[in-house]
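Below is one structure; the comments refer to it alone.
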Amino acid sequence: MSTMNISLPGALKDFVDDRVQKDGYSTSSEYVRELIRADQLRQAERQLVVLLRSGLGSGAGIPVTKS
């Protein structure tokens, strides 16, 4: 696993520490990883919406039959 150091102002560090304690995370890194995973999921969902809208706007459907 790679390491990344992040500097936070005191208020944000206090917020993260509070979330770790109240939400049962074992470390602040675990909390940040969950935030990043949630953001990745939101990105994937946005891309899916773009693809679905593109498909819906591409014209009439084509029937699919067995060959």
* Structure fact -> In the range 31-46, anything open to solvent by 100 Å² or more (accessible area, probe 1.4 Å) and farther than 30 Å from D14 by Cα is listed as R46
* Name every residue in the range 9-28 that is surrounded by fewer than 12 Cβ atoms within 10 Å (Cβ to Cβ), within 21 Å of the chain's Cα centre (by Cα) and not acidic (D, E), in order of residue number. => L12, G24, S26, T27
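The values are calculated or read from the model by the stated rules, or taken from the named source; none is laboratory data. The model shown is predicted, which means the values in this text are computed figures rather than measured ones. Neighbour counts run over all protein chains shown; Cβ positions are idealised from the backbone, glycine included. We work out accessible area using only protein heavy atoms, side chains counted, and drop any ligands, DNA or RNA first. Shrake-Rupley method; radii C 1.70, N 1.55, O 1.52, S 1.80 Å.
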